[in-house]
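Reviewing the structure listed below.
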Amino acid sequence: MHLVTFPLISLLFSLASSFSIPNFIQEHLLSARSESSPNPIATQYPNNVTGTINGTIAVVPIPYKLARSIIPAQYNILRKAYECQLFGFPRDSYPLIVRAGFDHGVGLFSLGLSVPDFQKLMIFYPFVDLLGDGYSSFAYEKYILISSDNLVALGGAASYGQIPVPTNFTPSLDAYAFKSADMVDKGSQEIFLDAYTDLSSIHPVVTTKFKPTRGIAPWPLDFYVNITNQPSFTDGLSCDNQLNLFNTTLSTGKNAPVAVRGEIMVKAPYIPTDSTFRDLHGIKVDIAFIENNQVPCSQLKGYSGTGSGD
Ligand SMILES: *[C@@H]1O[C@H](CO)[C@@H](O)[C@H](O)[C@H]1NC(C)=O
Ligand SMILES: *[C@@H]1O[C@H](CO)[C@@H](O)[C@H](O)[C@H]1NC(C)=O
Ligand SMILES: *[C@@H]1O[C@H](CO)[C@@H](O)[C@H](O)[C@H]1NC(C)=O
Ligand SMILES: *[C@@H]1O[C@H](CO)[C@@H](O)[C@H](O)[C@H]1NC(C)=O
């Protein structure tokens, strides 16, 4: 067992002793109601944590000054690195990313360990110069909204210094729901996923709704590949190096990423003041990932993925 996966494994084990964690076969049965496809790479990388995330990734242009006030002052923002990828991006703006979806088939195959399926909503700030070298891009994350009943996922986020917020989602245990019950043409339907952090409240803290559109534009697919592959951090002590592979059967052919356009409402404190962002562009896609947990961030200096698929 390699050192870097040890914290996650020990976390899985410590939770497994007090709660029952289903093995791969049981998990498959338990999550049979989910519409997400199985993890296609679990056996290909048996000694790594792998999984899938099905959902949406949206680019939210916010004033640069607002981003500057949220990202800790000691880190520079690598403006040129995103400006050169986002032709036509509004001036003096910064690309905040909102990624919402469903984690399915997450586990470590060789040890038969798996994490029950859960939902999450991430609000993150890419292109942060964590190491102060002027070129290595990292993603800063402060809060993560995670299914309130998933103690493994909540604990995993806390181990990075992140603030994991127990959340109930509508729909429950799915990547998103279709607005209309008419399932004839799923492909053109509006989709939504809403998050409730006050578990007894009927008022969501984040709502997302998107309609499929034609062609991934104006932000190129490569940009989504780039930002989903930047190592993420909170306290800067260790990084989460999640490789998002856009080249598996989950994200190609009939499952290729679909362009979406829509709107996101976020309440404080997840953004400093309650805000609704309209006319956003993003993609909906299911993605297989390999996750290297608790990597010393300095080891990821100059990180630019591992190949053409991430
Ligand atoms: C992703 O989730 C949606 C909503 O449940 C589902 O319709 C779609 O088939 C899933 N995608 C894949 C590739 O499994
Ligand atoms: C799989 O895990 C090992 C041990 O932690 C690591 O060295 C390797 O880079 C990981 N593989 C990938 C593709 O990230
Ligand atoms: C993202 O893009 C920046 C700017 O081109 C590059 O330096 C970085 O290596 C890329 N990161 C990944 C993970 O692709
Ligand atoms: C998918 O991408 C990864 C990382 O870039 C690479 O290691 C792997 O060989 C690619 N798989 C295929 C089928 O192209």
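Read-outs: derived from the displayed coordinates by stated rules, not from any lab. Not measured: the values here are computed from a predicted model. Reconstructed Cβ throughout: ideal geometry from the backbone, glycine too, with neighbour counts over all protein chains shown.
A few remarks follow.
- Within a straight-line Cα-Cα reach of under 18 Å, Lys142 can be paired with the following lysines, leaving aside sequence neighbours fewer than 8 residues apart in one chain: Lys65, Lys120, Lys267.
- Charge context of Ala175, other residues only, Cβ under 10 angstrom, K/R +1, D/E -1: -3
- Scanning the chain for DSSP H helices at least 20 Å long along the axis (C-alpha atoms) with a Kyte-Doolittle mean no lower than -1.0 picks out nothing.
- Zone of Thr249's modelled label, taken as backbone nitrogen in the stretch 282-307 under 17 Å from a point 7 Å along Cα→Cβ: 286-289
- Top of Arg79, Arg278, Arg91 by mean-square fluctuation, Gaussian network on the chain, Cα under 10 Å: Arg91
- For the stretch 75-207, the gyration tensor built on C-alpha atoms gives an oblate shape. Its axis ratio a/c (a ≥ b ≥ c) is at least 1.5, and a/b is not larger than b/c.
- Sequence-distant contacts, meaning Cα pairs under 8 Å at least 6 residues apart, place the relative contact order of the chain at 20 percent.
- Cα gyration tensor, the chain - rounded (a/c under 1.5), prolate or oblate: rounded
- Cα-projected label distance for Gln85 with Gln44, points at 7 Å along beta-carbon direction, nm: 2.2
- Between Asn229, Asn54, Asn247, the Gaussian network model of the chain with springs among Cα atoms under 10 angstrom shows the greatest mean-square fluctuation at Asn247.
- Label point distance in nm, Ile163-Lys142, each placed 7 Å from Cα along Cα→Cβ: 0.7
- Selection of chymotrypsin sites (Phe, Trp or Tyr not before Pro), the stretch 116-173, meeting DSSP coil and at most 14 other Cβ within 10 Å: Tyr135
- When +1 charges are put on Lys and Arg Cβ atoms and -1 charges on Asp and Glu Cβ atoms, the dipole computed for the chain relative to its Cα centre reaches about 600 debye.
- Gained length - Ala256 relative to Ser110, 0.36 nm times residue gap less alpha-carbon distance: 49.6 nm
- Dipole of the chain, positive end: most advanced residue of Gly155, Gln299, Ile283 [Cβ charges, Cα centre]: Ile283
- FRET efficiency, 1/(1 + (r/R0)^6) with R0 41 Å, evaluated for Lys211 and Thr306 via beta carbons: 0.75
- Listed residues Gly101, Gly156, Gly132, most fluctuating in the chain (Gaussian network, C-alpha, under 10 Å): Gly132
- Helical content of the chain, expressed as a calculated mean residue ellipticity at 222 nm, amounts to -4000 deg cm²/dmol (DSSP H runs of 4 or more residues, -39,500 (n - 2.57) each, divided by residue number, nearest 500).
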